[in-house]
Amino acid sequence: MTAPSRLLPADIARVGAVGLRTRPLRAALSALGIAIGIAAMICVVGVASSSRESVNRQLAALGTNLLRVTPGQTLLGDQAHLPASAVAMIGRIPPVTSVTAAAALPAIHAYRNDHIPSYETGTLSVLAARTDLPGTVGAHLASGAFLNAATARYPAVVLGATAAKRLGISRPSPTAQVWLGGQWFTVVGVLRPVPLAPELDSAALVGWPEAISHLRFTGHPTTVYTRTRDDAVTAVQAILAATANPQNPNEVDVSRPSDALTAKQAIDTTLTALLLGLGAVALLVGGVGVANTMVISVLERRPEIGLRRSLGATRGHIRLQFLAESLLLSALGGLGGALLGIAVTTGYATYQHWPAVVPLWATTGGLLATLIIGVTAGIYPAWRAARLPPTAALTAP
């Protein structure tokens, strides 16, 4: 009895590649649809993962144990005030490791020179700051030095990153001065951006004693920054309002600056899900394109199918040939899309100064998706090709 004819895996790959070699432009365009879908999905996941990793590294470096105390509103809707003793009171809480304060001076503005009209403030604020502010909020200097016990008593100023750009001052020098409160202040330092206290970026910081002496500052802080032990953040947050203003704790707002970064992660996750859906639609369109290409290929290659059947090829051989062709077409598109997605993600992350992160599951899942699409798109064309009678195929025009 004659053993049934079988195709070896190498033979299946060879006959499956026949259609791709004979029609390279059509195959390339069909594979491009798959590649775009896979690249889009990998880019979405990769960019979101890179952004998330950047935020996680920021949180790890800056800490999530910073709490921010600000005055709220009175029962009548007026602006409340923090007591001048709020900093000292908060510093007595045992788990608190550091506490500092800043105070807005709403009637004072900083100008590059004394000829600029008073109404052109450039949205820059002036803050009275304690000398220990950088250590508590995690601020770092781009150049110069921060206020100290000596300079805090004189007309010296430290500029936030945004304020320095708007004032056109990149570094401190004896000639780097700003017009502030009706007198010249010498710039002694420029800060880098402060992620956990972005209000400092667009501010000019003057010493607490100098603000009291010459800028009509009353001594009431408008923002108190508090660092606590990591295991006591929630407990300290619950008692900060009553500690800062025992008489009117309802007039105190307490927030956690790191929550803003965490909220950004949540928004990114939602946006990622939306964009993944769009990538899936692109992938589906690519799959339809592969199926269309395979159906047209069957119609055009009916003489070839009839000849193979006449020479002894079984229906199973024909099915395998067209399934293999569909799989190869999808696999080429998937591999090209994966490489393109990784390259685009890496380039964008490098441009944004993020760590480039492309999860393995995204790449693996994308390639598996292309194989599933290849099988799905090739089932009907393969079945149709196998059902063609040899005589009808040979006599087809």
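The values are calculated or read from the model by the stated rules, or taken from the named source; none is laboratory data. Being a predicted model, the structure only gives us computed values, none of them experimental. All Cβ positions, even for glycine, are placed from backbone atoms using ideal geometry, and neighbour counts span all protein chains on display. When the accessible area is computed, the model is the full protein with side chains, heavy atoms only, and any ligands, DNA or RNA have been set aside. Shrake-Rupley method; radii C 1.70, N 1.55, O 1.52, S 1.80 Å.
Top mean-square fluctuation among GLY77, GLY135, GLY122, Gaussian network model of the chain, C-alpha springs under 10 Å?
Maximum fluctuation in the GNM of the chain, among the listed residues, is at GLY77.
With every protein chain left in place and a probe of 1.4 Å, what is the accessible surface of VAL47, to the nearest 10 Å²?
Accessible surface of VAL47 is approximately 40 Å².
For ILE342, ILE108, what's the largest-to-smallest order of accessible area, 1.4 Å probe?
ILE342, ILE108
Return the calculated 222 nm mean residue ellipticity for the chain, to the nearest 500 deg cm²/dmol, obtained by summing -39500 (n - 2.57) across DSSP H runs with n ≥ 4 and dividing by the residue count.
On the way: 13 runs with 210 residues, N = 397.
Rounded to the nearest 500, the figure is -17500 deg cm²/dmol.
Of TYR225, TYR351, TYR111, which has the largest mean-square fluctuation in a 10 Å C-alpha GNM of the chain?
Comparing TYR225, TYR351, TYR111 in a Gaussian network model of the chain, the most mobile one is TYR351.
As I understand it, the value is the acute angle between the Cα axis of helix 360-386 and the longest principal axis of the Cα atoms of the chain; what does it come to in degrees, rounded to 10?
Value to nearest ten degrees: 30.
Hey, can you rank 232-238, 142-148 by average C-beta count inside 10 Å, highest first?
142-148, 232-238
What Kirkwood hydrodynamic radius do you get for the chain when you take the inverse of the mean 1/r over all pairs of distinct Cα atoms, in Å? Show your work: numbers first, answer last.
Details: mean 1/r = 0.0379 Å⁻¹.
When all Cα pairs of the chain are included, the Kirkwood radius is 26.4 Å.
Length gain on complete extension for the stretch LEU29 to ALA145, per 0.36 nm per residue less the alpha carbon to alpha carbon distance?
35.8 nm
By how many nm would the segment from ILE212 to THR350 lengthen if fully extended, with 0.36 nm per residue of separation less the alpha-carbon distance?
45.1 nm
With r as the distance between the Cβ atoms of ILE372 and ARG166 and R0 = 45 Å, compute the FRET efficiency 1/(1 + (r/R0)^6) and round to 0.05. Before the final figure, lay out each step's value.
Values: r = 55 Å, r/R0 = 1.21.
After rounding, the FRET efficiency stands at 0.25.
Pairwise over distinct Cα atoms, reciprocal of the mean inverse distance: report the Kirkwood radius of region 176-242 in Å, one decimal place.
The answer is 15.0 Å.
To one decimal place, what Kirkwood hydrodynamic radius in Å is obtained for region 316-370 from all pairs of distinct Cα atoms? Please report the intermediate quantities before stating the final value.
Working: mean 1/r = 0.0781 Å⁻¹.
In region 316-370 this quantity evaluates to 12.8 Å.
Would any residue of region 134-162 have its amide N under 20 Å from a label point 7 Å out along Cα→Cβ of SER173? List them or say none.
Residues 142-146, 156-162 qualify, since their backbone N sits under 20 Å from the label point.
Can you divide the C-alpha Rg of region 25-168 by 2.2 N^0.38 Å and report the result to two decimal places?
Normalised Rg, Cα atoms only: 1.65.
Can you tell me the FRET efficiency between TRP361 and GLN79 if r is taken as the Cβ-Cβ distance and R0 is 51 Å, rounded to the nearest 0.05? Write down the numbers at each step before the final one.
Details: r = 51 Å, r/R0 = 1.00.
It comes out at approximately 0.50.
Under a Cβ-Cβ cut-off of 14 Å, what is the net charge of the residues other than ALA204 that fall near it, where Lys and Arg count +1 and Asp and Glu count -1?
0
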